[in-house]
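See below for the structure under consideration.
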Number of protein chains: 2
Amino acid sequence: MSYEEKRMEKGLIQVYTGDGKGKTTAAIGLAVRAKGQGLNVGYIYFHKEPETWNYGEIGVLEKLGVGIFGFAKKHPHFYKDVTSEEMRKECLAGIEFIKKLYSENNYDILILDEINISVRDGFLKEEEVLAIMEKKPEGLELVLTGRGATEKIIEKADLVSRIEEIKHPYNSGIERRRGIEY
Amino acid sequence: MSYEEKRMEKGLIQVYTGDGKGKTTAAIGLAVRAKGQGLNVGYIYFHKEPETWNYGEIGVLEKLGVGIFGFAKKHPHFYKDVTSEEMRKECLAGIEFIKKLYSENNYDILILDEINISVRDGFLKEEEVLAIMEKKPEGLELVLTGRGATEKIIEKADLVSRIEEIKHPYNSGIERRRGIEY
């Protein structure tokens with residue numbers, strides 16, 4: 001089957017939200033599945049800094065041929081010298097970049113990892129993300145992750161999974177572990 | 001850092017359950033993350049038949065060096081000529097295999113994909129899975145997936161995420177899609 005035959009006629013919009021563990025990993029699993037079927041996948045992350053935090057998944061996705069792009073990496077929560085204005089500017093650059101990818105139309109799946117956080121923390125306006133959802137190319141599957149997805153984002157999505165935290169070891173004082181949390 | 005230094009001192013038990021999409025993909029994402037950190041990952045699936053259904057993730061995980069093992073592949077729901085007795089026998093072979101892996105202790109993470117279904121559908125007894133949870137080697141991270149995790153399984157786990165289906169396009173008649181659902 002040629003790549004052209006594999007492309008989807010109609011892509012949907014998926015949202016992974018909620019307070020439980022598994023949102024980003026579910027999106028990574030989707031990326032792996034799609035690569036296994038010969039589709040083109042782009043992974044765009046917000047508010048993460050792999051240069052410092054050494055996420056295990058990033059190098060593997062890259063090796064699998066997933067396009068990797070990061071925006072607004074230094075969240076003010078961790079970096080006191082980063083302003084909200086800078087964050088907004090960088091998030092908007094991310095939005096512009098997504099629009100550029102739309103116009104090139106080379107990807108079958110785009111994962112917007114933690115973009116819900118950009119809205120929750122006021123760096124992006126809800127309507128800016130809604131516009132990205134609205135304008136996606138017909139055949140593109142769009143995947144948004146991050147806790148705190150707004151009602152309107154949920155309304156505009158086709159598939160929404162909320163990951164609820166039933167039990168989490170952080171609550172009993174266990175630290176962030178290599179290979180599991182990053 | 002040598003492989004021996006990377007191994008975890010204390011592995012936990014994670015459970016991904018609930019009716020929403022994202023349980024298996026979250027486990028696959030975990031496998032990818034762990035491989036990216038140089039850990040050894042085994043993926044043991046129940047009630048899935050990649051030979052027929054062509055799951056995109058399996059080939060990619062294999063290429064990444066994840067150990068892949070399948071048990072009780074033909075669920076009677078899809079194969080009317082398969083008996084519950086056969087299923088139970090094959091699930092028990094899976095349990096024995098897991099114990100063998102425990103004794104060899106070569107893996108850092110073992111994913112038991114859809115094992116909750118084996119219990120839900122009566123092919124495994126709850127106590128057989130509880131025993132597997134109890135006997136795991138100290139440094140091993142165990143990940144159980146599948147809807148319908150029992151209360152006792154949840155109780156024995158360290159981290160539990162329940163994936164709730166807020167919206168699903170199947171409900172509006174969209175079919176299983178290559179690269180997304182498999």
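Odds and ends about this structure:
- Of all residues making up region B:48-90, the number that are among the hydrophobic types (A, V, I, L, M, F, W, C) and either away from chain A (no Cβ under 14 Å) or more than 19 Å from the chain's Cα centre (by Cα) (or both): 6
- If the condition is being in contact with a Leu (Cβ under 8 Å, 6 or more places away or on another chain), closer than 15 Å to A:Gly29 by Cβ and either surrounded by 24 or more Cβ atoms within 10 Å (Cβ to Cβ) or of a type in the set (A, V, I, L, M) (or both), then region B:10-28 contributes B:Gln14, B:Tyr16, B:Thr25, B:Ile28.
- Residue within region A:151-158 that is within 13 Å of the chain's Cα centre (by Cα) and away from every other protein chain (no Cβ under 11 Å) present: no
- Among residues of region B:124-160, those that are surrounded by 18 or more Cβ atoms within 10 Å (Cβ to Cβ) and at positive phi, counted: 1
- Count of region B:106-138 residues, restricted to those that are among the polar types (S, T, N, Q) and either in a helix (DSSP H, G or I) or over 23 Å from B:Gly38 (Cβ atoms) (or both), is 2.
- A single member of B:Tyr43, B:Tyr16 is facing chain A (nearest Cβ under 7 Å) and in contact with a strand residue (DSSP E or B) (Cβ under 6 Å, 6 or more places away or on another chain), and it is B:Tyr16.
- Flag for A:Ser103 being in contact with a Cys (Cβ under 7 Å, 6 or more places away or on another chain) and either more than 8 Å from every other protein chain (Cβ to nearest Cβ) or in a loop (DSSP other than H, G, I, E, B) (or both): no
- A:Val82 vs. criteria within 23 Å of A:Lys125 (Cα to Cα) and modelled with pLDDT under 95: yes
- In region A:45-61, the residues that are touching a Gly at 6+ places or on another chain (Cβ under 6 Å) and part of a helix (DSSP H, G or I): A:Gly56, A:Glu57, A:Gly59, A:Val60
- Total residues in region A:37-58, condition of a type in the set (Gly, Ala, Ser) and at pLDDT 95 or above: 2
- Here is the figure for region A:42-94: residues that are over 20 Å from B:Glu57 (Cα atoms), in contact with a helix residue (DSSP H, G or I) (Cβ under 6 Å, 6 or more places away or on another chain) and of a type in the set (A, V, I, L, M, F, W, C) total 4.
- Residue count for region B:139-171, restricted to those that are part of a loop (DSSP other than H, G, I, E, B) and modelled with pLDDT of 95 or more: 9.
- In summary, A:Arg177 fulfils each of the numbered conditions (1) at pLDDT 95 or above; (2) part of a loop (DSSP other than H, G, I, E, B) with the single exception of condition (1).
- Number of positions in region B:79-93 that are exposed (fewer than 12 other Cβ atoms within 10 Å of the Cβ) and assigned to a loop (DSSP other than H, G, I, E, B): 3
The values are calculated or read from the model by the stated rules, or taken from the named source; none is laboratory data. Model, not experiment: these values are computed from the prediction. Methodologically, a virtual Cβ is constructed for each residue, glycine included, from the backbone with ideal geometry; neighbour enumeration extends over all protein chains shown.
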